[in-house]
Amino acid sequence: MWRSYYDRNPALLFWQLAGGLRQQFHAPFWRSFGLAFLATKAAFVFKKGHSRADYQQAMPALVTYYEAIQKLTVERFDVQKVAALELEWWIVHRQRDRYSYADLSIALEKTSAALYNQPVSSFSAYATLRANAMRLCDETGHTPGGTTETSWQQIEQELDLAWSTLHTVVRPANGS
């Protein structure tokens with residue numbers, strides 16, 4: 001999905017998001033497309049922005065997206081808080097001149113903790129791996145020739161490890 005986002009391919013991102021929503025949240029087939037539309041809309045509204053005020057324009061789509069996610073889950077979370085934290089880590093990542101990758105990792109930890117109602121510290125390893133994947137993506141994107149296929153494979157490996165770490169943290173105690 002990152003590649004679709006950075007390649008400015010909202011149609012492919014939309015399809016990938018829909019599939020991910022069916023897998024992660026067990027969204028029904030048709031509902032996954034509505035959710036993917038909201039997430040894609042928020043991402044590309046944000047992508048066009050140049051200031052915090054511009055970025056805030058993605059908030060309504062994020063809130064609606066998380067309200068719909070809330071309806072798919074048995075766990076309750078504060079929709080407004082999670083949407084605001086999601087947008088904040090997007091901003092932290094975008095404004096690399098103001099924030100470090102350590103700041104990004106902390107922002108990712110806070111977002112995950114709010115979404116999954118667990119202590120922030122539970123998400124440290126996941127957030128560090130994910131921030132590192134973003135660092136790799138950012139660094140390779142600024143090299144001559146841009147991000148290569150080999151770089152994308154390295155980023156994907158880092159993300160796979162991050163997502164498996166997240167899964168370990170959030171899966172129910174019975175392992176399902």
When each pair of different Cα atoms in the chain is counted once in the 1/r mean, what is the Kirkwood radius in angstroms, to one decimal? 16.8
Contour minus Cα-Cα distance for Asp7 and Asp138 (0.36 nm per residue): 45.9 nm
Based only on Cα atoms, what Rg/Rh ratio does the stretch 1-82 have, Rh being taken as Kirkwood's radius? 0.98
Could you pull the Rg and Dmax for the stretch 71-161, using just the Cα atoms, both in Å? 14.6, 47
Add -39500 (n - 2.57) for each DSSP H run of 4 or more in the chain, then divide by its residues: what number comes out at 222 nm, to the nearest 500 deg cm²/dmol? -24000 deg cm²/dmol
Would you please give the FRET efficiency between Tyr99 and Ser51, computed as 1/(1 + (r/R0)^6) with r the Cβ-Cβ distance and R0 = 22 Å, to the nearest 0.05? 0.90
Sorted largest first, extent of the stretch 39-102 alpha carbons per principal axis (Å): 39, 25, 16
With charges only on Cβ, +1 for K and R and -1 for D and E, what is the dipole size of the chain about its Cα centre, in debye, rounded to 20? 440
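Values quoted throughout were computed directly from the atomic coordinates according to the rules given, and no laboratory measurement underlies them. It should be emphasised that the depicted structure is a prediction, and the values quoted were computed from it without experimental measurement. Backbone-built Cβ (ideal geometry, glycine too); neighbour counts: all protein chains shown.
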